[in-house]
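The values are calculated or read from the model by the stated rules, or taken from the named source; none is laboratory data. Please read all numbers here as calculations on a predicted model, not as lab measurements. Every residue, glycine among them, receives a Cβ derived from its backbone with ideal geometry; neighbour counts consider all protein chains shown. Keep in mind that these areas ignore ligands, DNA and RNA; they rest on the heavy atoms of the full protein, side chains included. Shrake-Rupley method; radii C 1.70, N 1.55, O 1.52, S 1.80 Å.
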Amino acid sequence: MPNVIEVENLTKTFGAVTAVDRVSFHVRRGEIFGFLGPNGAGKTTTTRMLTGVVPMDGGSVRIFGHDILKEPVQAKQRFGVVPETSNAYVELTAWQNLMLMGDLYGLDRTRAERRSRDLLETLGLYGRRDQKVQGYSKGMKQRLILAMALIHEPELLFLDEPTSGLDVQSTQMILVLLRDLNTDGTTIFLTTHNMEEANRLCDRIGIIRAGKIVAIDAPERLKTAIDRLHRLEVSFDRPVSADALAGLDGVVKADRTGDKWRIVTEDPDLAIRSLVAFSADCGAAILTLNTLAPSLDEAFLRLTGEERP
Amino acid sequence: MNPAAYGEQARRAWAIARKDIRVYYLKGPVLIFGIFMPVFLFLAFFLGGRDLPLAFLLSGLVGMTLFFTATAVSPAIFPWEGQARTLERLAASPVTIEAIVLGDMIASVLFGIGVTAVTILIAIGLGLPLLHGIVLGVSIPIAACCFSAIGMLLAVPPTNVPSNIMMLSTLLKFPLVFISGIFVPLEQMPAWGLMLAVCSPLTYFTDVVRYAFSGAHHFPVMVDIAALALFALVFTAAAMRLHRRSMPRRM
Ligand SMILES: Nc1ncnc2c1ncn2[C@@H]1O[C@H](COP(=O)(O)OP(=O)(O)OP(=O)(O)O)[C@@H](O)[C@H]1O
Ligand SMILES: [Mg+2]
């Protein structure tokens with residue numbers, strides 16, 4: 001069964017507001033799926049329906065083939081959740097929180113203790129394990145929440161903006177851990193605003209706007225789908241003529257900027273082949289060649305902005 | 001391991017109970033309340049009810065102690081956890097709502113039994129003979145289950161403001177005490193009073209305690225215990241059902 005999450009026509013309304021509007025998508029085993037959207041787009045509401053925290057008003061969610069409404073316990077047993085707001089028991093210590101999680105997921109004591117020690121060490125909290133969570137900083141709390149979500153070695157992990165408001169160190173620590181988990185086979189569903197994070201981590205990205213999915217694709221393809229025209233930057237070891245460049249197959253326009261040429265093309269593949277052939281023909285060696293893809297930020301703004309592409 | 005099996009869910013409920021005890025019961029003010037409440041009730045009774053026999057007074061006192069302690073904290077746990085967002089954690093973990101309710105009930109049962117045991121020890125220390133220890137030992141846990149289920153029923157309205165629930169539960173709990181044969185013996189009640197009294201589980205518990213300490217009773221002991229068990233079952237089932245319905249509205 002390659003699909004870990006299958007969502008069909010998921011809908012949630014709050015009074016007159018349709019927070020999530022007939023959303024359908026799937027997440028494959030082993031991938032990192034990014035769920036992006038502006039504030040209030042419905043990311044958290046969707047995540048909470050996927051994790052069985054709130055019921056949906058319409059549609060269906062299957063996790064590992066278990067319907068989240070009909071077999072919630074079987075589904076929940078197999079995933080971990082890092083929710084939007086930190087929710088450890090602040091009157092308990094980190095260690096007690098982890099032991100509670102171990103019990104709630106049915107782990108035996110030895111395994112719970114071994115896992116807790118490993119996770120706290122990885123996340124740099126082991127020395128503070130017997131301190132009440134009350135006294136933790138935001139970053140420490142977030143790392144603890146991640147440890148709590150991972151105690152039962154889930155095959156699937158949901159994270160709702162896990163790095164929002166954290167400093168570079170905590171963010172880095174969490175992102176590195178996520179990548180390592182994914183390498184070891186954990187499927188990850190990640191909600192974020194952060195384009196850079198999504199771009200670096202995700203295999204595929206779903207973009208939601210006002211409760212509706214507007215695009216789902218790999219980050220690179222999302223970017224290129226937005227902008228039909230690509231830019232290349234090329235420099236040669238000797239001067240070449242602008243007309244010769246502009247006349248090449250696949251090149252729409254060639255402008256000189258400093259010692260480089262900026263090429264506009266509809267087909268970067270064809271344009272690069274032409275440039276390489278041109279370089280061989282006129283004996284001008286290529287010094288540098290860069291493709292300047294549109295950024296994911298641009299793609300995101302275009303997809304979620306008022307005017308649709 | 002089938003995580004949804006009853007045994008497994010019961011084990012997880014026990015984990016929730018231990019969490020409740022740590023987080024909500026083993027707190028200074030709650031413990032002080034637990035210890036001082038019986039003491040103050042003793043004082044009030046001795047100062048107020050000189051003309052009634054000691055065994056009668058004490059049975060009412062033990063009944064009130066168990067009733068008030070078993071319903072003291074549990075109604076507020078759901079609102080507290082809703083407010084602190086920890087309820088979302090429980091909702092996302094592989095435990096059923098029934099297991100969460102059961103866990104909260106176990107914690108309040110243990111708290112109620114603990115404080116009631118203190119009260120009974122004081123009573124015995126005051127020279128009151130315990131005539132039927134086994135009957136008392138059987139009926140206390142059953143009554144504790146029954147009262148803590150009442151506590152969970154009081155927690156059903158899906159508010160995340162603990163003080164609302166505390167207010168509501170106080171409003172409902174006190175009238176129950178007055179119709180349960182604690183201040184007025186059942187024999188001296190008017191017919192309409194007795195009709196109300198048979199509807200209150202506290203009546204049966206007070207009756208059993210009276211029997212345990214003095215041998216006197218209004219209903220047969222088996223009727224008392226059966227009534228308590230029936231109330232416990234019905235209230236527990238109702239609490240679980242109603243919480244299943246109101247849980248989504250807390251999120
Ligand atoms: N409990 C609720 N009651 C009423 N409306 C709600 C509730 N939860 C969410 N909404 C509404 O649903 C919409 C989607 O909210 P949601 O929290 O899912 O957005 P989000 O994408 O997670 O935003 P953010 O990036 O700010 O976290 C918003 O219009 C919000 O006001
Ligand atoms: Mg959100």
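The table below gives the values:
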read-out: Between A and B, accessible area buried - total, square angstrom, nearest 100, 1.4 angstrom probe; value: 2500 Å²
read-out: Among A:Val276, A:Val264, A:Val23, residue whose mean-square fluctuation peaks in a GNM of chain A (springs only between Cα atoms under 10 Å); value: A:Val276
read-out: Approximate spin-label separation A:Ser137-B:Ile32, in nm, with each point projected 7 Å along Cα-to-Cβ; value: 3.5 nm
read-out: Rounded accessible area per residue of chain A, 1.4 Å, Å²; value: 44 Å²
read-out: Exercise: per-residue mean of other protein chain Cβ atoms within 10 Å, A:101-111; value: 4
read-out: Solvent-accessible area per residue for chain B (1.4 angstrom probe, square angstrom); value: 42 Å²
read-out: Rounded tilt (10° steps) of B:74-84 against the dominant C-alpha axis of chain B; value: 30 degrees
read-out: Förster-model FRET efficiency, 45 Å R0, A:Glu220 and B:Leu171, C-beta, rounded to 0.05; value: 0.10
read-out: Square roots of 5 times each gyration tensor eigenvalue, C-alpha, segment A:1-116, largest first, Å; value: 28, 18, 13
read-out: Contact order relative to length of chain B, as percent, for alpha carbon pairs under 8 angstrom and 6 or more apart; value: 28 percent
read-out: Accessible-area order (highest first, 1.4 angstrom probe) of the listed residues B:Leu194, A:Leu150; value: B:Leu194, A:Leu150
read-out: Radius 12 Å from Cβ of A:Val276, net charge of other residues (Lys, Arg +1; Asp, Glu -1); value: -2
read-out: Three semi-axes of the equivalent ellipsoid, segment A:3-223, Cα gyration tensor, whole Å, largest first; value: 28, 19, 17
read-out: Relative contact order (%) - criterion: Cα under 8 Å, at least six apart; region: segment A:228-293; value: 48 percent
read-out: Antiparallel DSSP beta bridges within the protein assembly as shown, as percent of all bridges there, nearest 5; value: 70 percent
read-out: Reciprocal of mean inverse Cα separation for chain B (Kirkwood radius, Å); value: 18.6 Å
read-out: Value of Rg to Rh for segment B:130-251 (Rh from inverse mean 1/r over Cα pairs, i.e. Kirkwood); value: 1.03
read-out: Principal axes of the protein assembly as shown: Cα extent on each, largest first, Å; value: 119, 48, 39
read-out: Helix A:109-122 vs. chain A, principal-axis angle (Cα, 0 to 90°, nearest 10); value: 40 degrees
read-out: Volume of the Cα convex hull of segment A:1-43, divided per residue and given in Å³; value: 63 Å³
read-out: Mean Cα-pair separation over length for segment A:187-296, i.e. relative contact order, pairs under 8 Å, 6 or more apart, %; value: 28 percent
read-out: Among A:Gly15, A:Gly59, A:Gly80: highest mean-square fluctuation, GNM of chain A, C-alpha pairs under 10 Å; value: A:Gly15
read-out: Candidate residues A:Arg22, A:Arg117: accessible-area rank, largest first, probe 1.4 Å; value: A:Arg22, A:Arg117
read-out: Across A:Lys132/B:Lys19; A:Lys76/A:Lys132; A:Lys12/A:Lys212; A:Lys138/A:Lys212; A:Lys132/B:Lys27; A:Lys70/A:Lys141, pairs whose alpha-carbon gap is larger than 21 Å; value: A:Lys76/A:Lys132; A:Lys138/A:Lys212; A:Lys70/A:Lys141
read-out: Carbon/sulfur fraction of accessible area - chain A, other protein chains in place, 1.4 Å, %; value: 47 percent
read-out: Percent accessible area from carbon and sulfur atoms, segment B:108-251, protein chains only, probe 1.4 Å; value: 77 percent
